[in-house]
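Reviewing the structure listed below.
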Amino acid sequence: MTYEALWKRLTPLYEAGEAKAIARWMLDVRFGLTMADILCNIVPVTVLLRHTYWYDYAVTRIQNIFNLVHE
């Protein structure tokens with residue numbers, strides 16, 4: 001799993017710029033990673049999200065927020 005794969009999964013719900021911002025926000029809040037950490041591959045996103053549980057959890061949370069905002 002890469003940062004790009006994470007934000008691209010959100011593109012059915014959001015435009016690319018918004019999807020990237022949401023992915024960065026999730027990685028910052030959940031894992032404490034800055035954009036510099038992600039770009040420099042300090043801790044690979046793959047390591048953090050290697051378990052599909054975390055990936056599915058993150059995407060589900062984002063989809064729930066989307067649904068709440070657009071109700």
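The values are calculated or read from the model by the stated rules, or taken from the named source; none is laboratory data. Every value quoted in this text rests on a predicted model; they were computed, and no experiment measured them. Cβ atoms come from the backbone with ideal geometry, glycine included; neighbour counts cover every protein chain shown. With ligands, DNA and RNA removed, areas are computed over all heavy atoms of the protein, side chains included. Shrake-Rupley method; radii C 1.70, N 1.55, O 1.52, S 1.80 Å.
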Original post:
Roughly what would the spin-label model give for A36 and L68, points 7 Å off Cα along C-beta, in nm?
Top reply: 3.1
**OP:** Would you mind computing, in nm to one decimal, how far apart the modelled labels at D56 and V29 are, each placed 7 Å from Cα along Cα→Cβ?
**Re:** 2.2
**OP:** Sort W7, W25 by accessible area with a 1.4 Å probe, largest first.
**Re:** W25, W7
